[in-house]
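Okay, so here's the structure we're looking at.
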Amino acid sequence: ERIGVDDLHWLTPAVVHDMEPAIRCVAAMHSPSSGILDSHAYMLSLQGEAENAGAVFAFSSPVLAGRTDASGMLLQIGGEEPMELHAKTVVNCAGLHAVSLARRFQGLSAEHIPPFYYAKGNYYILPSRAPFRRLIYPLPEQAGLGVHVTLDLGGQARFGPDVEWVDGIDYRVDPRRADVFYPAIRRYWPDLADGELQPGYSGIRPKLQGPGQAAVDFLIQGPKVHGISGLINLFGIESPGLTASLAIAEHVLETSTET
C-alpha cells in the first residue's frame, strides 16, 4: 500500500481514504513533517533575536533612493524624520518593491535589474467545519501550486491561491472569482456544496516571469554580478522565501563577501 523514501510516501486511494475520507484521488504523496507556521510570531522572534544582538530597527522609514560610492551606498531615508544614511552593506529585500527600489539606486546598471510582474493569489474560506486534518495539495499549475487546502492555527480551511495577473497592488478579493474555484476543488473534494466558499484574503507574488513564460527561481544578486561592493539584491522572493528565510540569510552573508 505504501512505497516510501525517507520522509515522502506514495499512497494508494484506499490509504488516502482512510487518512482523509473526504478526498478523492488516483494517488497521493504524504509528507508527515509538513505543517503550518505562525508567520507573525516567527517574524517577532527574529526581530527580538536581532535586537538582542544589537540590531536597531527603523520602521515606517522608506528608502527613497541610493547612490553608490567607493565605500558603500548613501541612502536617502524618508518618513517622519528624513535622513541620509551611509551603509557599507545594503540588502535590498523589499519583496514586491525590490525591483522598483533597485531602479532608484544610482550606479546600478539597468542590465542587472530584471523585469517583474505581479501575480495575485486569492483565497476563499470555508465557514463550516473543515473535513480535512491535513494540508491538501493538487498537482501544481503554471505560476502557482494550484488551489490547495490550507488549515490555519484555529483549524479553519481556506482554499487558494489562484493566479490572477495584475498591474498593481490591490488586495481586494472579488467574490465572483470563486466560480472557478468550485470545479478545481471538486476534482479532489467532490462533496463541496454550491455557495459554501466566502471571500477570504489575497496575497501578491513578485514574479520575474510573466503569463505563459517559463518559471524563474529566486534571484539573489551580489557584487560578483553587478560590481557594486556591499549591495545584495533579492528579486522574485515570493512566499516560499518565508520558510526559507534563514537559508536565504546564510546565502546573502556568503554573497556579500564575493568580489
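Some points to look at:
- Considering residues of the range 216-242 that are part of a loop (DSSP other than H, G, I, E, B) and in contact with a helix residue (DSSP H, G or I) (Cβ under 6 Å, 6 or more places away or on another chain) only, the residue farthest from S39 (Cα to Cα): S229
- Filter result for A70 (open to solvent by 40 Å² or more (accessible area, probe 1.4 Å) and either within 16 Å of S229 (Cβ to Cβ) or modelled with pLDDT under 95 (or both)): yes
- Listing of strands (runs of 3 or more DSSP E) fully contained in the range 77-161 that carry 1 or more residues being modelled with pLDDT of 90 or more, under 22 Å from the mean Cα position of the chain (by Cα) and surrounded by 19 or more Cβ atoms within 10 Å (Cβ to Cβ): 90-92, 117-125, 148-151, 157-160
- Residues of the range 178-215 that turn out to be more than 16 Å from the chain's Cα centre (by Cα) and part of a loop (DSSP other than H, G, I, E, B), as a count: 16
- Residue in the range 193-248 that is most open to solvent (accessible area, probe 1.4 Å), counting only those that are farther than 24 Å from S100 by Cβ and among the acidic types (D, E): D194
- Answer residue from the range 249-259, given it is more than 22 Å from R103 (Cβ to Cβ) and assigned to a helix (DSSP H, G or I) and is least open to solvent (accessible area, probe 1.4 Å) among those: A249
- Residues of the range 165-192 that turn out to be in contact with a helix residue (DSSP H, G or I) (Cβ under 7 Å, 6 or more places away or on another chain) and either more than 22 Å from H17 (Cα to Cα) or loosely packed, with under 15 Cβ neighbours inside 10 Å (or both), as a count: 1
The values are calculated or read from the model by the stated rules, or taken from the named source; none is laboratory data. Computed from a prediction, not measured in an experiment: that's the story for all the values here. Please note: Cβ atoms are built from the backbone with ideal geometry, for glycine as well, and neighbour counts cover all protein chains shown. These accessible areas exclude ligands, DNA and RNA; they are computed on the full protein's heavy atoms, side chains included. Shrake-Rupley method; radii C 1.70, N 1.55, O 1.52, S 1.80 Å.
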